[in-house]
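Beneath this line is the structure, given in structure tokens, with notes to follow.
Every number in this text was worked out from the coordinates using simple rules, so none of it is lab data. Just so we're clear, the structure is a prediction, and the values are computed from it rather than from any experiment. Using ideal geometry, Cβ is built from the backbone for each residue, glycine included, and neighbour counts are taken over all protein chains shown.
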Amino acid sequence: MTVKIQSSDADLLAEAEKTARTALVGSVKIIESMDAKQVFGVSSDDTGTLYLFMNGERIATDTLKKRFFKFFNGLLRLAVAEHAPNRVFVHAGVVGWKGKAIIIPAKSFGGKTTLVAEFVRKGAEYYSDEYAVFDEKGLVHPFPRDLSVRDNSFKERDIPVAEFGGIAGTEPIPVGAVIITEFEEKGEWLPRKLTVGQGIMELIPHTIPRNVNTKFALKVLNTAVSDAIILKSHRGEANDIALNLLSIY
């Protein structure tokens, strides 16, 4: 997918490029092309107010540079997730274990980063705490940005996987398990096994390009989870479920 980022301010353009490389975990290549699926523009005025444009439409303003580029980071990831050719992005945490992926689909504040971090502490390879990225063969590709950990006041802090004592996966791998779960106070992990069809229905709400290329997304999801174990249950502490799953899987 080709994305154009433009600005008449060299410093803002450099910051936007740096943000893009962070957002897309280094998967950025500079090319000379006038054609682009999405065009972003960054500018500022004499008061220091920053402006973000997408395809010619102004969509954000801010006076705080850090907050402005954090918003741009998220918007860029979403734009790529929606329009990347031959890829399906699912909002999910992902770890690798014994050569297969464990997928944990969840919305924001659903506890997936906490669970991913616990898997990594116990030896699983880190793939992502935001998107499961599937190719047309159903394999999951690494999207190993720093883990976005929230404290008790819900402030986010990006932490490299190495600080959890883990490593990031580097190769695409097949799906071994899909875990449909949410944290519940005093919750107990009592999973029931879902069919492939039920599993896909659970994944659809978390699938980014479902309204852009529905047929392709459904085909890829079906391929990806056709041989996977799909489990659903509320859970208590992340430590307990991670130990349970890694011991039996």
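Counting beta carbons within 10 Å around each of THR47, THR207, THR63, THR223 and listing the fewest first gives the order THR47, THR63, THR223, THR207.
Here the simple spin-label model places points 7 Å from the Cα toward Cβ, and for THR63 and LEU218 these points are separated by 5.0 nm.
The amide H of GLN6, built 1.01 Å from its N in the peptide plane, has PHE40, GLY41, VAL42 as neighbours under 5 Å, considering only residues 5 or more places off or on other chains. Just report the Cα centroid separation between segment 94-118 and segment 228-249, whole Å. A separation of 10 Å, based on Cα centres. When the chymotrypsin sites (Phe, Trp or Tyr not before Pro) in segment 85-162 are filtered for DSSP coil states and for at most 12 other beta-carbon atoms within 10 Å of their beta-carbon, the remaining sites are PHE109, PHE154.
Ordering of 11-18, 186-193, 236-243 by packing is 236-243, 11-18, 186-193, highest average first (other Cβ atoms within 10 Å, averaged per residue). For ALA106, the residues whose modelled amide H falls within less than 5 Å of its own, excluding neighbours fewer than 5 places apart on the same chain, are ALA92, GLY93. Summary value for the chain: 17 percent relative contact order, contacts being C-alpha pairs under 8 angstrom separated by 6+ residues.
Counting only DSSP beta bridges with both residues in the chain, what percent are antiparallel, rounded to the nearest 5? Counting DSSP beta bridges with both partners in the chain, the antiparallel share is about 70 percent.
Each of THR170, GLY74, TYR51 was placed along the dipole of the chain (beta-carbon charges, centred on the mean Cα), and the one lying farthest toward the positive end is THR170. Under the classification rounded if a/c is under 1.5, otherwise prolate if a/b is larger than b/c and oblate if not, where does segment 79-158 fall, given a ≥ b ≥ c as square roots of the Cα gyration tensor eigenvalues? In terms of gyration-tensor shape, oblate. Counting only DSSP beta bridges whose two residues both lie in segment 91-239, roughly 70 percent are antiparallel. Can you count the Lys pairs in segment 3-83 whose Cα atoms are under 13 Å apart, with each pair 8 or more apart or on different chains? Count of close lysine pairs: 5.
For the chain, rounded, prolate or oblate, judged on the Cα gyration tensor with a ≥ b ≥ c (square roots of eigenvalues), a/c < 1.5 rounded, else prolate if a/b > b/c? Verdict is prolate for the chain. Residue by residue, segment 39-53 carries 3J(HN,Hα) couplings of 10, 10, x, 10, 8, 8, 10, 5, 8, x, 5, 9, 10, 10, 10 Hz when phi is fed to the Karplus relation 6.51 cos²θ - 1.76 cosθ + 1.60 (θ = phi - 60°); x denotes Gly or Pro. Listed by chain and number, the lysines whose C-alpha is less than 28 Å from the C-alpha of LYS122, apart from same-chain residues fewer than 8 away, are LYS98, LYS100, LYS107, LYS112, LYS155, LYS186, LYS193, LYS232.
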